[in-house]
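We did not get these values from a lab; they are worked out from the coordinates using the rules stated. Only a predicted model underlies this, so the values are computations on that prediction, with no experimental measurement involved. Please note: Cβ atoms are built from the backbone with ideal geometry, for glycine as well, and neighbour counts cover all protein chains shown.
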């Protein structure tokens, strides 16, 4: 659920500030922005933001990147209270920015902490989980009040949040983004797939004890798979199929297509194919991403 109207990120924005409650998905959002080419820093002291942006903007290498920072309750309270003043300093320095706040219902946060067994950042203050969440809401109230976008992640899973970030904050106007996602069939097919291809019919590196601990991103596994004729035929058939039909999706106005490739364990064949297809389509599309569900 998105509380504010959906609109694409302003291409003139140099900086996206990601904030929100602990457990709301800030790490997922930052990692997704990093996949989109942003230079990301998590838990940057808010007072350092103007100097951080200016330092990278003056560096020729830094100009290739848009910037994103995570700012949350781990910051000192005085930094959070000074945030409106800090953002005014950014504006005075002609630094375009957007503040995105991720919110989540208390009952969902409590469930997430129960499932992951992680400690809340404010638990060290002797607070119970419910009290820690309430105190965090109080401390982050100034950021929520001035956020350009508020996203409620209560009903979003990791994949849906990634898709939301990509489609709303990472796209060049008019471009179609491709996401190649590998997965294990034993854990289920991704719910947001546009295409699903089953690679379980291919030779499996899992049965080679030396290759088993590796993944399809590692050179020994790639070489092993590329030595099997049927793997090359399967890969080339997929490329031809997608070469033929993806332009039709683009002409139909689609901005985002998810192509999922599955195998038994989601570590070797599906990962290899996702990476190879992504390499191929980066020659034609500006935004081509990969996500390996079982490696995350």
Rough spin-label spacing in nm, given labels placed 7 Å along Cα→Cβ, for residue 236 and residue 55
5.1
Before rounding to the nearest 500, sum -39500 (n - 2.57) across all DSSP H runs of length at least 4 in the chain and divide by the residue total; then give [θ] at 222 nm in deg cm²/dmol.
-12500 deg cm²/dmol
Expected sort for 41, 257 with the fewest Cβ neighbours (10 Å cutoff) up front is 41, 257
Percent RCO, i.e. relative contact order, over region 83-219, from Cα pairs under 8 Å lying at least 6 residues apart
25
Could you state the orientation-averaged shadow area of the convex hull built on the Cα atoms of region 15-169, in nm² to one decimal?
8.9
Computed over the chain: relative contact order in percent, which uses C-alpha pairs under 8 Å that are six or more apart:
23
For 133, 146, 86, 17, what's the fewest-to-most ordering of other Cβ within 10 Å of each Cβ?
146, 86, 133, 17
Among beta bridges assigned by DSSP with both residues in the chain, the antiparallel ones amount in percent, to the nearest 5, to 5
To the nearest 0.05, how large is the calculated FRET efficiency for residue 186 and residue 155 if R₀ is 25 Å and r is the Cβ-Cβ distance?
0.45
Scoring region 15-169 by relative contact order with C-alpha pairs under 8 Å, at least six apart, yields a percentage of 35
Over the Cα atoms of the chain, what radius of gyration and what Dmax do you get, in Å?
21.3, 62
Return 124, 182 ranked ascending by Cβ neighbour count within 10 Å, so the fewest neighbours appear first.
124, 182
Residue with peak Gaussian network fluctuation, the chain [Cα springs, cutoff 10 Å], from 73, 158, 18
158
